[in-house]
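What follows is one structure encoded as structure tokens, with my remarks underneath.
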Amino acid sequence: MTVAPLPKRVDGLKLVEVNQQLTGTISSADLTRLAGIVRSSSPDVNCDVEFSRDEEHLRVLAGECNVGVVMECQRCLEDVSFTIEASFRLGLVLNDDQARALPKRLEPAELDEAGRLDLWETIEDELLLNLPDFPMHPQGECQAFKIEPEEDIAAEEEERPNPFDVLAQLKQK
């Protein structure tokens, strides 16, 4: 089964009135802010979104999306892979007054004056919010925690001069 690409811009007001559900993909290459943060990503972001009204009759965009990314481990600086999963529930608003009136459980997503929403940008925002602050390998897998064999450590210690040898020479004089 092939999944169709999600449209970039949608009429949020119309889609809410018909309780529209959309399932599709967005090409990762089209999400330039995400591409600027990660080393690489899977070709597509998979998305399921639903436009509806909640129990308070507010316009809501709810959904889930996921994408595989490769980032730089902050311990060893090698590649580390993650699957970024974002679940969101946003209140669709037309202006700042409506955004301030939203209950705390809903973050605002602002529609333009014609009621249209940049769906790709909204989904990209949610993915960016779900990136790890400090991407790292699990502790057992990270190269930064690999222990060198004791033979190499002993040989390295023998090769280094003792910094206190200079003091010992001064004491002898």
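The values are calculated or read from the model by the stated rules, or taken from the named source; none is laboratory data. Because the structure is a prediction, the values reported are computed rather than measured. As a convention, Cβ positions derive from the backbone with ideal geometry for all residues, glycine included, and neighbour counts pool all protein chains shown.
Which number in (1) over 15 Å from Leu129 (Cα atoms); (2) surrounded by 13 or more Cβ atoms within 10 Å (Cβ to Cβ); (3) of a type outside the set (Gly, Ala, Ser) marks the one condition that Val18 misses?
Val18 satisfies every listed condition except (2).
Looking at Val80, Val60, can you tell me which residue is over 12 Å from the mean Cα position of the chain (by Cα), in a strand (DSSP E or B) and under 28 Å from Ala144 (Cβ atoms)?
The unique qualifying residue is Val80.
Among the residues of segment 41-50, is there at least one that is exposed (fewer than 13 other Cβ atoms within 10 Å of the Cβ) and within 21 Å of Glu124 (Cβ to Cβ)?
yes
For segment 75-96, what are the residues that are touching an Asp or Glu at 6+ places or on another chain (Cβ under 9 Å) and touching a residue at least 24 places away in the same chain (Cβ under 8 Å)?
The answer is Glu78, Asp79, Val80, Glu85, Ala86, Ser87, Phe88, Arg89, Leu90, Gly91, Leu92, Val93.
Do you know which residues across segment 25-43 are more than 14 Å from the chain's Cα centre (by Cα) and within 21 Å of Leu129 (Cβ to Cβ)?
Correct list: Thr25, Ile26, Ser27, Ala29, Asp30.
Could you check Val3 against (1) part of a loop (DSSP other than H, G, I, E, B); (2) in contact with a Gly (Cβ under 9 Å, 6 or more places away or on another chain); (3) closer than 19 Å to Glu110 by Cα and say which number it fails?
For Val3, the failing item is (3).
Considering only segment 102-121, state which residues are surrounded by 12 or more Cβ atoms within 10 Å (Cβ to Cβ) and among the aliphatic types (A, V, I, L, M).
Selection gives Leu102, Leu106, Ala109, Leu111, Leu117, Leu119.
Could you check segment 84-118 and list, in sequence order, the residues that are of a type in the set (S, T, N, Q) and at pLDDT below 95?
Once the filter is applied, which keeps residues that are of a type in the set (S, T, N, Q) and at pLDDT below 95, segment 84-118 yields Asn95, Gln98.
Would you be able to tell me the number of residues in segment 70-98 that are closer than 30 Å to Lys14 by Cβ and either surrounded by 16 or more Cβ atoms within 10 Å (Cβ to Cβ) or in contact with a helix residue (DSSP H, G or I) (Cβ under 6 Å, 6 or more places away or on another chain) (or both)?
Here the count works out to 9.
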